[in-house]
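Participant: Right, I'll just put the structure down here and ask away after.
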Amino acid sequence: MFTTRKDWPSITTAPWPVGAFTPAQFPGQLSVAQPLYPENGDEQACARGDYDGYWAQFGSTLTRYHRGDAYVRLGWEFNGSWMYWHVRDPQTWKSCFVRAATAIRSTAPHVKIEWTLSAHTDTLPGSKNDVWAAYPGDAYVDVVGIDDYDIYPAAKTQEAWDKQCHQPSGLCTVTDFARAHHKKLAVPEWGLSYSNGGGGDNPFYIEKMHEFFTQNTDVLAYEAYFNNSEADNVRSSLNNPNLNPNSSRRYLELFGRNRGTGG
């Protein structure tokens, strides 16, 4: 789920999306992507504690709708310049994250705070700082997450997959970090892509992701395929509409209800 980012009420107290997915309406687990502040905010004010009250309100919203155990992806993809809440100064950004996480926990003590980077972007925007300079510390992170798309460039061979997986912001590196820090791993967005050097309809990528999930079930909290068909986005859709028929077929074979039965 993604909240609207225009102002604090939209982010922290509006009934969408949390109120639309109470346990009675949707029995599955809820994952909510949250910017660290609205479009007119900034990380310095957040680090000072100016926004603590808003984040406590969000915790209350989760609790009110019986979603106090939700995964909350605070400031997700912070290493991407395309996100307005991306890291400007690592220390300030981390202080902002810590304050937001602490405030949410004050009213939703069972929440799962998730720190989610974007794969294949090793340095922070506008600097030479390594992406890991933005890690706020184990005390403030319950789940380490990574959004992984078939881009920069596509993984169409084992060699390309291995190279990407082990780079500083790669899937294998993030998984090793999560395991070493006794954290669960989330892959809340993954999918094919036609943009940014993406491989388009690439069944090999689907196979490698399934193989990865199977090999790392001990640490995996959850994974979610990003099924998108918008013309100006990744166009990863496997269903309604099926834009990638070869990958869709392979996904059903590996992840589908009848996997392993030949159905």
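The values are calculated or read from the model by the stated rules, or taken from the named source; none is laboratory data. Bear in mind the structure is a predicted one, so any value in this text is a computation, not a measurement. Cβ sites come from the backbone with ideal geometry, for glycine too, and all protein chains shown count toward neighbours.
Participant: For the stretch 1-115, which fully contained helices (runs of 4 or more DSSP H) count at least 3 residues that are at pLDDT 95 or above and crowded, with 22+ Cβ neighbours inside 10 Å?
Facilitator: 52-64, 90-107
Participant: Scan (1) in contact (Cβ under 8 Å) with a residue 60 or more places away in the chain; (2) assigned to a strand (DSSP E or B) for the single condition Ser169 breaks and write down its number.
Facilitator: Just one mismatch for Ser169, condition (2).
Participant: Here's a follow-up. Under 8 Å between Cβ atoms, which residue pairs at least 6 apart in sequence (or on different chains) link something in the stretch 9-31 that is within 16 Å of Leu74 (Cβ to Cβ) with a partner that is of a type in the set (Lys, Arg) and outside any loop (DSSP other than H, G, I, E, B)?
Facilitator: Cβ pairs passing all conditions: Ser31/Arg73.
Participant: Hey, could you check the stretch 116-137 for residues that are within 17 Å of the chain's Cα centre (by Cα) and not in a loop (DSSP other than H, G, I, E, B) and say which is farthest from Pro153 (Cα to Cα)?
Facilitator: Taking the candidates together, the pick is Ala134.
Participant: Can you run down the residue pairs with Cβ atoms below 8 Å, 6 or more apart or on separate chains, where the first is in the stretch 194-214 and in contact (Cβ under 8 Å) with a residue 12 or more places away in the chain and surrounded by fewer than 18 Cβ atoms within 10 Å (Cβ to Cβ) and the partner is basic (Lys, Arg) and in a loop (DSSP other than H, G, I, E, B)?
Facilitator: Ser195/Arg235
Participant: Being among the small types (Gly, Ala, Ser) and not in a helix (DSSP H, G or I) is the filter here, so list the residues in the stretch 192-250 that pass it.
Facilitator: If the condition is that a residue be among the small types (Gly, Ala, Ser) and not in a helix (DSSP H, G or I), then Ser193, Ser195, Gly197, Gly198, Gly199, Gly200, Ala221, Ala224, Ser229, Ala231, Ser236, Ser237 are the ones that fit.
Participant: Let me spell it out: the conditions are (1) surrounded by fewer than 16 Cβ atoms within 10 Å (Cβ to Cβ); (2) over 30 Å from Val111 (Cβ atoms), and Glu253 meets all of them except one. Which number is the exception?
Facilitator: (1)
Participant: Exactly one of these conditions fails for Ser10: (1) hydroxyl-bearing (Ser, Thr, Tyr); (2) more than 21 Å from the chain's Cα centre (by Cα); (3) more than 22 Å from His110 (Cα to Cα). Give me its number.
Facilitator: (2)
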